[in-house]
Amino acid sequence: MPPGTEILDQEKTTLLADLTDAGSRVLLLAGGDGGFGNSHFKSATNRAPKRATKGFPGQERRVWLRLKLIADVGLIGLPNAGKSTFLAAVSEARPKIADYPFTTLQPGLGVAEVNGTRLVLADIPGLIEGAHAGAGLGTRFLGHIERARVLLHVVDGAGGARAAVAAWRVVRKEIEAYGAGLAEKPEIVVLSKADLIRTAAAGAARRALEQASGRPVHVVSAVTAAGVAEALSAAAEALGQ
């Protein structure tokens with residue numbers, strides 16, 4: 001199993017094992033007793049015994065395997081916010097990128113270098129309102145960022161200040177409703193697509209988002225690389241803390 005695999009009982013209510021480290025081993029069930037074949041009873045006087053013993057069956061049970069990616073930084077945001085573009089800009093990952101929502105259908109991983117430190121980033125499909133209850137791709141992928149130590153919240157800045165604040169609030173509401181400690185993780189807020197908006201509009205959106213979130217906001221453009229290094233450095237600093 002890949003590191004990050006959880007083993008759950010058939011009802012998906014009890015965690016039987018959590019394989020978080022490479023090389024982890026766990027014994028879930030005892031194997032059966034194969035019994036003795038006729039060669040076991042062979043002797044000097046009985047070279048071809050017609051005797052054998054039946055074995056005993058091993059234990060059986062049904063389990064669920066659930067993979068949760070192990071990453072330092074989890075990328076969250078609404079569909080088409082620019083998460084995949086950001087991941088492609090900072091790492092060698094090549095996720096699918098297009099100008100329509102739900103381009104990302106599977107989680108992706110990338111590795112970025114920041115001041116000599118390696119950061120593993122996980123990109124999950126965009127969240128929509130009701131994701132915690134299964135809307136859109138819902139909880140199918142939210143579990144992948146449970147193990148991330150820092151969240152990097154990408155907000156589309158092309159729609160203006162009000163739209164950016166509304167988008168941030170939708171995603172925050174969903175991760176708070178989902179639980180699992182996501183809302184308590186350090187959050188780096190990034191206002192993306194700065195290359196598509198005027199400097200004054202970007203400044204207004206940044207100030208509005210900072211007021212709403214109570215956090216510093218990094219204005220970035222993954223296309224021109226403006227602000228990307230600063231956002232990654234903030235994520236690395238949060239990890240260090």
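The values are calculated or read from the model by the stated rules, or taken from the named source; none is laboratory data. On a predicted model such as this, the values are computed, not experimentally measured, just so you know. Virtual Cβ from ideal backbone geometry, glycine too; neighbours counted across all protein chains shown.
Within the bounds of the range 177-188, is there any residue that is in a helix (DSSP H, G or I) and touching a His at 6+ places or on another chain (Cβ under 9 Å)? Steps first, answer last, please.
Kept after step one, since they are in a helix (DSSP H, G or I), are these residues of the range 177-188: 177-178, 182-184.
Filter again for touching a His at 6+ places or on another chain (Cβ under 9 Å), leaving 177-178.
Yes, because at least one residue in the range 177-188 is in a helix (DSSP H, G or I) and touching a His at 6+ places or on another chain (Cβ under 9 Å).
List every residue pair whose Cβ atoms lie under 8 Å apart, where the two residues are 6 or more positions apart in sequence or sit on different chains, the first residue falls within the range 140-169 and is assigned to a strand (DSSP E or B), and the second residue, located anywhere, is of a type in the set (S, T, N, Q).
VAL154/SER192; VAL155/SER192; ASP156/ASN80; ASP156/SER192
Of the residues that make up the range 59-81, is at least one at positive phi and polar (S, T, N, Q)?
Yes, the range 59-81 contains at least one residue that is at positive phi and polar (S, T, N, Q).
Might you check whether a residue that is touching a Lys or Arg at 6+ places or on another chain (Cβ under 9 Å) and either outside any helix (DSSP H, G or I) or modelled with pLDDT of 85 or more (or both) occurs anywhere in the range 228-235? Talk me through it step by step, then tell me what you get.
Taking the range 228-235 first, the residues touching a Lys or Arg at 6+ places or on another chain (Cβ under 9 Å) are none.
No, every residue in the range 228-235 fails to be touching a Lys or Arg at 6+ places or on another chain (Cβ under 9 Å) and either outside any helix (DSSP H, G or I) or modelled with pLDDT of 85 or more (or both).
Take ALA52 and tell me if it is surrounded by fewer than 10 Cβ atoms within 10 Å (Cβ to Cβ), among the hydrophobic types (A, V, I, L, M, F, W, C), modelled with pLDDT of 85 or more and more than 30 Å from ARG149 (Cβ to Cβ). It would help to see each step written out before you state the result.
Values: surrounded by fewer than 10 Cβ atoms within 10 Å (Cβ to Cβ): no; among the hydrophobic types (A, V, I, L, M, F, W, C): yes; modelled with pLDDT of 85 or more: yes; more than 30 Å from ARG149 (Cβ to Cβ): yes.
No, not satisfied.
Among the listed residues ALA161, ALA89, which satisfies the condition of being within 19 Å of ASP195 (Cβ to Cβ) and either crowded, with 20+ Cβ neighbours inside 10 Å or modelled with pLDDT under 80 (or both)?
Working: ALA89 fails: either crowded, with 20+ Cβ neighbours inside 10 Å or modelled with pLDDT under 80 (or both).
Step by step, each of ALA161, ALA89 is checked, and only ALA161 is within 19 Å of ASP195 (Cβ to Cβ) and either crowded, with 20+ Cβ neighbours inside 10 Å or modelled with pLDDT under 80 (or both).
Among (1) loosely packed, with under 10 Cβ neighbours inside 10 Å; (2) among the small types (Gly, Ala, Ser); (3) free of Cβ contacts under 8 Å to residues at least 12 places away in the same chain, which single condition is ALA30 missing?
Tallying (1) loosely packed, with under 10 Cβ neighbours inside 10 Å; (2) among the small types (Gly, Ala, Ser); (3) free of Cβ contacts under 8 Å to residues at least 12 places away in the same chain, ALA30 fails exactly one: (3).
Among the candidates LEU69, LEU75, LEU65, which residue alone is in contact (Cβ under 8 Å) with a residue 60 or more places away in the chain and either in a loop (DSSP other than H, G, I, E, B) or of a type in the set (S, T, N, Q) (or both)? Give the steps one after another, and end with the answer.
Numbers: LEU75 fails: either in a loop (DSSP other than H, G, I, E, B) or of a type in the set (S, T, N, Q) (or both); LEU65 fails: either in a loop (DSSP other than H, G, I, E, B) or of a type in the set (S, T, N, Q) (or both).
Being in contact (Cβ under 8 Å) with a residue 60 or more places away in the chain and either in a loop (DSSP other than H, G, I, E, B) or of a type in the set (S, T, N, Q) (or both) holds for just one of LEU69, LEU75, LEU65, which is LEU69.
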